[in-house]
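Before any comments, here is the structure.
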Amino acid sequence: MKVSLQAVAVWGKIAPSHSITAIMITDDQQTIVTGSQEGQICLWDLSSELKISSKEILFGHTASVTCLAKAREFEKQPYVVSATENGEMCVWNVTSGQCIENAKLPYRHTAIYYYHCSFRMTGEGWLLCCGEYQDVLIIDAKSLDVLHALSSSQSSDWINCMCIVHSARIQEDSLVAVSVTGVLKVWDLSSSLNCVQERQSVCEKESKSLECINCQAVRFCTYTERLLLVVSSTCWQVYDYCDFSLLCTEFCKNGQCFAGGEVLAAYRLIIWTEDGHSYIYQLLNSGLSKSTYPADGKVLKETVYPQILCFTGVEENKFSPFVMGFMNERKEPFYKILFSGEASGRITLWHVPDVLVSTLDGSPREIPITATWTLQDNFDKYHLMSEGIIDHLCASKDGIRSAVVSSSVYIPSLDKLVCGCENGKILVTQGLKTARARLLENRSLLKDNLPYKVLDGHSSRVTCLLYPHDRSVRFDPSWLLSGSQDSIVICWDIFTGGILHQFSLQSGPVVELLRSPENYRLKDHSIVCCVCSDHSVAVLHLQKRVCLLHARKHLFPVKKIKFDPVENLLIVGCEDDSVYIWEIETGTLERHETGETAKAILMSIEDSECLVADTLLPVSQESKRNKNAGYKPSSSYKHGMVSYNLNHTEKSSDKV
C-alpha cells in the first residue's frame, strides 16, 4: 500500500532568503517569475494596477538560477523554463506551480530563447541556449533533450548575448548573437529546420567583428526592421542591420556600466545600468556623416545621434546587484514595464508612459517608481501569521536570538528536530510537539514544557546534518553528524550534547554527509562519506574516529559515489562523466577513466549501492504523470519538485 506524504512548510516571521539572480514577466503580464541564488523559483502576482504580491515558492533546483525564459506559446500553455549553475533545467507551469519536465545537462546556460514556427516545424518548439560553451545549443522544449547545435565556420566561441529576429518584410527568422570576443553572427533559423532534423551542420550565414568586448545585449528593431542595438558594459551602439555599418555610439558615464537595453519604439531606446539606473533615448537624424570622404569611395552613411528624454531613479544607498528587463506588450493592458530584481530580494517596477516628453527647460524627466515589493513585505503585511517552529528559542537565555537556520534534519524515531544555524550553533528540540504547539499557538507549552539542547562546537555556518542510525542500525543511535562552512565535521552524542570527535578536513565547505551502503563491509563498517565544495571526498570511520581517505583530485563536481566491497575501492563519478577509483586502505588513486570505459566501470558495480542525498520532498503528482519525472539518468539523483503557497488570508489563524 502506497503512503501519501504531504509536505508542510511552517514559515516564521522572517521571510526565506531570496537573492534574485534572474527575473521575467509572463506574456499575460499577470505573473512575475524570479530565480534566486538559493535555487528557488518565486512566483509573484501582478495586478492590472501593477500591484505586486508573492504567491508561491517553487523548490527543485540545487544551485543558483542563471536564467529564465518562456517555454511555450503562453496563451496555450503557461510554461517557463529555468536553468542553474550546475546544468539543471526545469519547465514549470506558472499557473499550478508544478514542475512539468526536468533534466540535468553538462552545460551552464546564461540565456535561453523560445522559438517555434507553427507552419514549419512540429512538436513544442526549441529552446535556443547560449552560455559557457561553444556557440548555440538547440534543446527540445518538451523533453529538454539536446537536438542539435548552431555552429560557427570561423571564430567559434562562447556567446554572450543573442536575440531572435522576426522579419515580417521577408518572412524569415534569424538568430543574431555576439560572442565574448565581440564577433556578431547571424544564423538563418527558417532554412535550418531540415538540417536540424537530419543532424546536418548548421553554420552562420554572416559574421562580422564589432570590436565590442563584454557585450551585454543585442536587440533588433521590429518597428523599422533596420536598426540593431548592441549594448556593452562601456557603451551602446546602433548598427544598420542591412550591412552592419555603425550609425551611433554612446559611452556610459564614469563609474557606471551598461547592463542591457531594449527597443521602445521606432528610433527610441531604453538602456539600463548595473546599479539599477535606466535612460530613455530618442535617436535623431543628423544627416550625412561629418567625417571626410571615406577611403573606400563608398557613399557616406546617414547617421543618428541620441538625446535623453527620460530616466528612472533608484533609492539611494543601494549597493546590491540588479538584474533588469523590459516588457513591451502589445495586448491589453498594453503596459510598457521596466522591472528589476535585486540581490536583497526586492522587485521594482517602472511604468513607462506611451508619450515621453522632456521638462520645460529641456532636461530629462524622471520616471517615478510605480511599485516595489519583497517577500518580507508579504510577511509583515499579515500580522496573524504563525511564528517559525523554533522562534520561541530565539528569545532564550542561551543567546540564540539571531539564529538563522541553514540546515535541518528530522529524526522520526526520536521525534527530534535538529536545526543547524548560520552562527554555528545546533538546536535540538522535540519535533512534533513543537510543531503542534506552534500551529495551535500554545505559548505556555512552548515556553515551559518543551526541552531543547544547544550544541555549541562550530565557529561558522552549519551546512549539513546526518543522523545515520535512522536508516541503518549498524550506526550507534547516539551519533549525530554535522558539517560546516569551514570544513569541519563533528560527531555528537545527541542525548548528552557532547562532542565525540571532530574531523578537520582542511578542504572546502562540507556539502553533504552520506552513509556507506549496506553491503559494504569494513570490520564494524561504521563508515560515512563527506563531500566538500572543492569536489573532494572524505571517508570517515566513526568508530575509530579517523579519516580513512581524503580524495582530492576530482576536477569536476561529484555526482555519484560507489563502493566496491570485494576490492575495497571507492569509485567516484563526476559531472564530466569521468571516474576516479581510489584504494581506501592505502589512500592512493588507482585509476582515472573517461568515456565509455568510465560508464562500463559504473555499470559493472551496479549492484553496489550508490551514495546519494535523500530526496528533498515528494515529487508532485503532475510531475509523476509526465514522462521522466525525475532528472535524467545522467544526474544520478532526484529532487522533489515542490511549491509552497505564500498567499495568506486575514483569517489564517482561525483556519488553523
Pairwise over distinct Cα atoms, reciprocal of the mean inverse distance: report the Kirkwood radius of the stretch 479-583 in Å, one decimal place. 14.1
Calculated from backbone phi, Karplus (6.51, -1.76, 1.60) coupling profile of the stretch 139-150 in Hz, x at Gly/Pro: 10, 5, 5, 8, 8, 6, 8, 6, 8, 5, 9, 8
Could you tell me the distance between the Cα centroids of the stretch 181-212 and the stretch 231-246, to the nearest Å? 19
Under a plain spin-label model, where a point goes 7 Å from the Cα along Cα-to-Cβ, how far apart in nm are Thr359 and Glu585? 8.3
For the stretch 128-211, which trypsin sites (Lys or Arg not before Pro) are both in a DSSP coil and crowded by at most 11 other Cβ atoms within 10 Å? Arg169, Arg199
With the alpha-carbon atoms as the only input, what is the per residue convex hull volume for the stretch 49-123 in Å³? 133
Computed over the stretch 93-163, the Cα gyration tensor eigenvalues, each multiplied by 5 and square-rooted, give semi-axes in Å (largest first) of 23, 16, 11
Test of understanding: what is the full-extension gain from Ser201 to Thr372, defined as 0.36 nm times their sequence separation minus their Cα-Cα distance? 56.8 nm
At 0.36 nm per residue, minus the direct Cα-Cα distance, what do Asn194 and Ile499 gain on full extension? Give it in nm, one decimal, please. 103.3 nm
Quick one: which residues, 5+ away or cross-chain, put their amide H under 5 Å from the amide H of Glu56? H built at 1.01 Å from N. Leu43, Leu646
J(HN,Hα) series, the stretch 221-234, from Karplus relation 6.51 cos²θ - 1.76 cosθ + 1.60, nearest Hz, glycine and proline x: 7, 6, 6, 9, 6, 9, 8, 10, 8, 10, 10, 10, 5, 9
Placed amide H near Leu549: partners under 5 Å, 5+ positions off or other chain: Val539
Please give the contour-minus-distance gain from Ser460 to Val473: 0.36 nm per residue of separation, less the Cα-Cα distance, rounded to one decimal in nm. 1.6 nm
J(HN,Hα) series, the stretch 81-98, from Karplus relation 6.51 cos²θ - 1.76 cosθ + 1.60, nearest Hz, glycine and proline x: 10, 10, 9, 10, 4, 9, x, 6, 10, 9, 9, 10, 8, 6, 7, 9, x, 8
Quick one: which residues, 5+ away or cross-chain, put their amide H under 5 Å from the amide H of Lys13? H built at 1.01 Å from N. Gly388
XL table Lys142/Lys208; Lys553/Lys599; Lys104/Lys208; Cα-Cα > 23 Å flagged, in table order, is Lys142/Lys208; Lys104/Lys208
Would you please put 542-552, 566-576 in order of how densely packed they are, using the mean number of other Cβ atoms within 10 angstrom per residue and starting with the highest? 566-576, 542-552
For the stretch 146-247, what size does the Cα cloud have along each of its three principal axes, sorted from largest down, in whole Å? 41, 31, 21
Rounded to the nearest 0.05, what FRET efficiency do Glu567 and Gln154 have when you use their Cβ-Cβ distance and R0 = 41 Å? 0.25
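Coordinate-derived values only; no laboratory data. Computed from a predicted structure; not experimentally measured. So basically every Cβ, Gly included, is an ideal-geometry build from the backbone, and we count neighbours across all protein chains shown.
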